[in-house]
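S.K.: Next up is a structure, given as structure tokens.
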Amino acid sequence: MTHSSLLRPRDADALRAEIRWVAGTARVPVAFGGEVHGDALLLSEFVGTLTNGLRGLSVLRTSGLGGRVMDSGRPASVSDYFNTSSITHHYDGPVSGEGLRSIVAVPVVVGQRSRAVLYAATRGASPLGDRTADLVVQAGRRLATEIAIRDEVDRRLRLLEATNPASDTAPAMAEELRDIHAELRGMVHSADDHLRNRLHTVCERLTRVMVGDPATDAPHLSRRELDVLAQIALGCTNQEAAQRLSVGPETIKSYLRNAMTKLDAHTRHEAVVTARRHGLLP
């Protein structure tokens with residue numbers, strides 16, 4: 001099993017979470033979506049559907065509303081699905097079976113390529129409002145950011161795996177993985193709550209891949225304290241760590257001081273060494 005397969009959870013799980021968020025936050029009767037595989041969108045995640053007509057449906061590029069947004073990379077909506085001329089009507093059967101009328105579709109674009117599509121829909125005559133469309137766009141952007149981060153982690157790990165390092169190159173691999181870990185923790189502070197939690201989860205998985213589970217007697221360090229220690233472990237000064245984490249130097253000092261106290265360390269270097277010995281840092 002490769003490092004990449006250990007680190008990357010299923011993108012479908014993140015897609016499902018965003019669809020549920022859209023359904024609950026926008027309070028729409030139907031929300032659904034799927035991942036793009038080649039030139040086809042495979043619908044796989046649903047909230048509020050009454051039939052199985054859409055389940056497993058393969059939407060081809062440029063076909064229907066989903067294919068249109070997948071191809072253009074831009075959101076689109078229809079207020080009256082069956083009477084609109086702006087899309088093809090290849091999928092009228094399953095859409096009719098669900099009684100959907102007003103639909104918004106938002107592509108999840110990563111690196112100029114659509115990787116998934118999110119939908120929100122109603123069955124009544126009232127069209128979806130701007131607020132609903134904005135929420136679906138927000139969910140799409142959040143999912144795109146998460147997928148992009150996962151892609152970058154996988155890309156770097158594949159580069160490392162391709163080298164098939166011998167024992168004398170293993171230290172260089174470890175340092176690169178530590179740099180990835182610290183960079184991910186640096187991204188945390190510019191993310192929203194949902195993505196922040198997922199980034200921390202990836203960081204924790206990376207740490208486990210490299211050093212195993214934390215020691216049973218390891219002190220409890222907060223996520224912010226670990227964020228700071230990860231930067232210090234790379235040799236960053238307080239000022240450099242503050243810039244990477246988008247906080248003030250005094251905040252860095254405070255978190256570092258708390259971490260040193262918990263680790264019973266008297267220097268920055270000792271704090272890093274002790275944290276690694278406990279399995280808290282890679």
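The values are calculated or read from the model by the stated rules, or taken from the named source; none is laboratory data. All values reported here derive from a predicted model rather than from experimental measurement. Quick reminder, even Gly has a Cβ in these numbers, built from the backbone with ideal geometry, and neighbours come from all protein chains shown.
S.K.: I want to confirm something. Restricting to the stretch 95-113 and keeping residues that are surrounded by fewer than 18 Cβ atoms within 10 Å (Cβ to Cβ) and of a type outside the set (G, A, S), which single residue is modelled with the highest pLDDT? Step through it out loud before you land on a result.
M.R.: So the first thing to find is which residues in the stretch 95-113 are surrounded by fewer than 18 Cβ atoms within 10 Å (Cβ to Cβ), and the list is 96-97, 99, 111-113.
Filter again for of a type outside the set (G, A, S), leaving 112-113.
Details: Q112: 92, R113: 95.
Checked the stretch 95-113; the qualifying residue modelled with the highest pLDDT is R113.
S.K.: Out of everything in the stretch 13-30 that is exposed (fewer than 15 other Cβ atoms within 10 Å of the Cβ) and modelled with pLDDT of 90 or more, what residue ends up being nearest to R101 (Cα to Cα)? So that I can check it myself, show each step before the final result.
M.R.: Our first condition is that a residue be exposed (fewer than 15 other Cβ atoms within 10 Å of the Cβ); within the stretch 13-30, this holds for 13, 20, 24, 27.
Among the residues that remain, those that are also modelled with pLDDT of 90 or more are: 20, 24, 27.
Working: R20: 20, G24: 20, R27: 16 Å.
Once the filter is applied, the top-ranked residue is R27.
S.K.: Return yes or no: is I87 at negative phi, touching a helix residue (DSSP H, G or I) at 6+ places or on another chain (Cβ under 8 Å) and not in a helix (DSSP H, G or I)? Walk me through how you get there before you give the answer.
M.R.: Working: at negative phi: yes; touching a helix residue (DSSP H, G or I) at 6+ places or on another chain (Cβ under 8 Å): yes; not in a helix (DSSP H, G or I): yes.
In short, yes.
S.K.: Go over the candidates S44, S58 one by one and state the one that is surrounded by fewer than 17 Cβ atoms within 10 Å (Cβ to Cβ) and without any contact (Cβ under 8 Å) to a residue 60 or more places away in the chain.
M.R.: Numbers: S44 fails: surrounded by fewer than 17 Cβ atoms within 10 Å (Cβ to Cβ).
Just one listed residue meets the conditions, S58.
S.K.: Tell me, yes or no, whether the stretch 116-127 has at least one residue that is in a helix (DSSP H, G or I), at pLDDT below 95 and not polar (S, T, N, Q). Show your work before the answer.
M.R.: Within the stretch 116-127, the first condition is being in a helix (DSSP H, G or I), and the residues that meet it are none.
Checked against the condition, which is being in a helix (DSSP H, G or I), at pLDDT below 95 and not polar (S, T, N, Q), the stretch 116-127 yields no hits at all.
S.K.: Here's a follow-up. Of the numbered conditions (1) in contact with an Asp or Glu (Cβ under 6 Å, 6 or more places away or on another chain); (2) in a loop (DSSP other than H, G, I, E, B); (3) buried (at least 20 other Cβ atoms within 10 Å of the Cβ), G33 satisfies every one except a single condition; which is it?
M.R.: It fails just one condition, (2).
S.K.: Working only within the stretch 226-266, note down all residues that are touching a residue at least 24 places away in the same chain (Cβ under 8 Å), in a helix (DSSP H, G or I) and among the small types (G, A, S).
M.R.: Matches in the stretch 226-266: A230, A233, A259.
S.K.: Based on what the data block shows, is A116 aliphatic (A, V, I, L, M), in contact (Cβ under 8 Å) with a residue 60 or more places away in the chain, within 15 Å of G140 (Cα to Cα) and crowded, with 22+ Cβ neighbours inside 10 Å?
M.R.: On the way: aliphatic (A, V, I, L, M): yes; in contact (Cβ under 8 Å) with a residue 60 or more places away in the chain: yes; within 15 Å of G140 (Cα to Cα): yes; crowded, with 22+ Cβ neighbours inside 10 Å: yes.
So A116 fits the description; yes.
S.K.: On to the next question. Residues to consider are A139, A76; find the one that is more than 21 Å from D193 (Cα to Cα) and not assigned by the TED database to the domain that holds N197.
M.R.: Values: A139 fails: more than 21 Å from D193 (Cα to Cα).
Answer to the selection: A76.
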